[in-house]
Amino acid sequence: MTKLLDEATMDRLTTAVVALDPKPRERRWVSLSFAITDAVWSIGAGYASTVVPLVYRVALQFDVTEPSVAASTPSSEDPVPLRMFADRFDVASLLESANKQRTSTGAGGILKAKAVLEHVEIFRAEGIETLDDARQLLEDKSRFERVDSALRSVAGEGSHGVRRGYLWMLIGDDHRIKPDRMVLRWFRRQGVDIAVCDAAALVHELVARINRIPGRAAPTTAWELDHAMWNAGRQRL
C-alpha cells in the first residue's frame, strides 16, 4: 500500500508526525475489566465525556476509586478480576452503571453491556482473569490467536478489528494501533485519503522512518504515534 505514496509524500508525513511530538502513554487502567469496558464503549462514543466517566462508575461498584494510574506505576494485583466482574454484573445490572448504547445502529447491533460480558466470557474460557494474565497472553502466540479469533465473533467488531486492536493496546501492546476515524481524519488533513485496511501499515512505516532519524533520544512506538494522531484528529480545526 505505502508504495502508492511517493517519497515526497512520505517525507511530508514523517515531518508532520514528528511535529506531533509523540509521547509515551501517561495513564493505564488497573484492571482487565476496566480495559474491556473502555474498549467496547469507546467505539462511536465521546471518550472524555462518556467513556471515562462510565468506567469510573463501574469501578465504584467495586469500591475502586482510582481505576487508572500513571503508566510507570509497577504492576499490582488486579482489583477486579473477570470472575468478580461476572459475578457482579449481568446485562441489566451493568446498564445501571453504564448506558444503553449499542455496538451499532444496524440490525446486528447489541447492547454494549452485552458485548462487554461476552468479552469477559471469552477471556475466562481461556483461563484469563487479570490484567497480568492478559499481558502474558500477548507473549503466547497460539493462545493469543485463539482469543483474538474468538473476540471477532462479538457483535460490533466491524470489518477491520479496530475495537480488538484498541483492547490489546489498552492491555499493553505498544506495537498495535487502532486506525479509527480520528487517525483517518488526521491523514485526510495531511491530504492523504487512506483506507482503514491500509492505515496500520502506513503508521508502522512512519514509526520506522521516525526511528531512523539520527539523534532521537528514544524509539517511538506505534502506540505513541497512534495516540498522537488520535489526539490531533479529534481537535476541531
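Yes or no: the stretch 165-179 includes at least one residue that is of a type in the set (Lys, Arg) and surrounded by fewer than 16 Cβ atoms within 10 Å (Cβ to Cβ). It would help to see each step written out before you state the result.
Taking the stretch 165-179 and keeping what is of a type in the set (Lys, Arg), we get 176, 178.
Next, only the ones that are surrounded by fewer than 16 Cβ atoms within 10 Å (Cβ to Cβ) stay: none.
The answer is no; no qualifying residue exists.
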- How do the pairs read when you match residues in the stretch 75-88 that are under 17 Å from ARG124 (Cβ atoms) and at pLDDT 95 or above with residues anywhere that are of a type in the set (Ser, Thr, Tyr) and not in a loop (DSSP other than H, G, I, E, B), using Cβ under 8 Å and keeping only pairs 6 or more apart or on different chains? ASP78/SER33; VAL80/SER33; PRO81/SER33; LEU82/SER33; MET84/SER33; PHE85/SER33
- Message: Take GLU145 and tell me if it is surrounded by fewer than 18 Cβ atoms within 10 Å (Cβ to Cβ), within 18 Å of the chain's Cα centre (by Cα) and at pLDDT 95 or above.
- Response: yes
- Item | Scope the stretch 92-131; condition under 26 Å from PRO53 (Cβ atoms), of a type in the set (Asp, Glu) and surrounded by 15 or more Cβ atoms within 10 Å (Cβ to Cβ); matching residues | GLU118, GLU129
- Task: Scan the stretch 21-45 and report the pairs whose first residue is within 21 Å of ALA232 (Cβ to Cβ) and whose second residue is aromatic (Phe, Trp, Tyr), with Cβ atoms within less than 7 Å and a gap of 6+ or a chain change.
- Result: ARG25/TRP223; ASP38/TRP29; SER42/TYR166
- Message: List the residue pairs whose Cβ atoms are under 7 Å apart, where the first residue sits in the stretch 114-143 and is touching a residue at least 12 places away in the same chain (Cβ under 8 Å) and assigned to a helix (DSSP H, G or I), the second is polar (S, T, N, Q) and surrounded by fewer than 16 Cβ atoms within 10 Å (Cβ to Cβ), and the two are 6 or more positions apart or on different chains.
- Response: ASP132/SER75
- Residues within the stretch 79-91 that are closer than 26 Å to ARG28 by Cβ, more than 19 Å from the chain's Cα centre (by Cα) and surrounded by 12 or more Cβ atoms within 10 Å (Cβ to Cβ), tallied: 9
- Query: For PRO22, all conditions in the list (1) at pLDDT 95 or above; (2) in a loop (DSSP other than H, G, I, E, B); (3) under 30 Å from GLY156 (Cα atoms); (4) not small (Gly, Ala, Ser) hold save one; what is the number of the exception?
  - Reply: (1)
- Task: Please give the number of the condition PRO74 fails out of (1) open to solvent by 60 Å² or more (accessible area, probe 1.4 Å); (2) within 25 Å of TYR47 (Cβ to Cβ); (3) assigned to a loop (DSSP other than H, G, I, E, B).
- Result: (2)
- Just to be sure, is ALA71 at pLDDT below 95, closer than 21 Å to ASN231 by Cα and touching a strand residue (DSSP E or B) at 6+ places or on another chain (Cβ under 6 Å)? yes
- Query: Take the residues of the stretch 41-56 that are closer than 18 Å to PRO179 by Cβ and touching a helix residue (DSSP H, G or I) at 6+ places or on another chain (Cβ under 6 Å): which is surrounded by the most Cβ atoms within 10 Å (Cβ to Cβ)?
  - Reply: SER42
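The values are calculated or read from the model by the stated rules, or taken from the named source; none is laboratory data. No experiment lies behind these values; they were computed from the predicted model shown. Backbone-built Cβ (ideal geometry, glycine too); neighbour counts: all protein chains shown. Side chains are part of the model used for accessible areas, which takes the heavy atoms of the whole protein and leaves out ligands, DNA and RNA. Shrake-Rupley method; radii C 1.70, N 1.55, O 1.52, S 1.80 Å.
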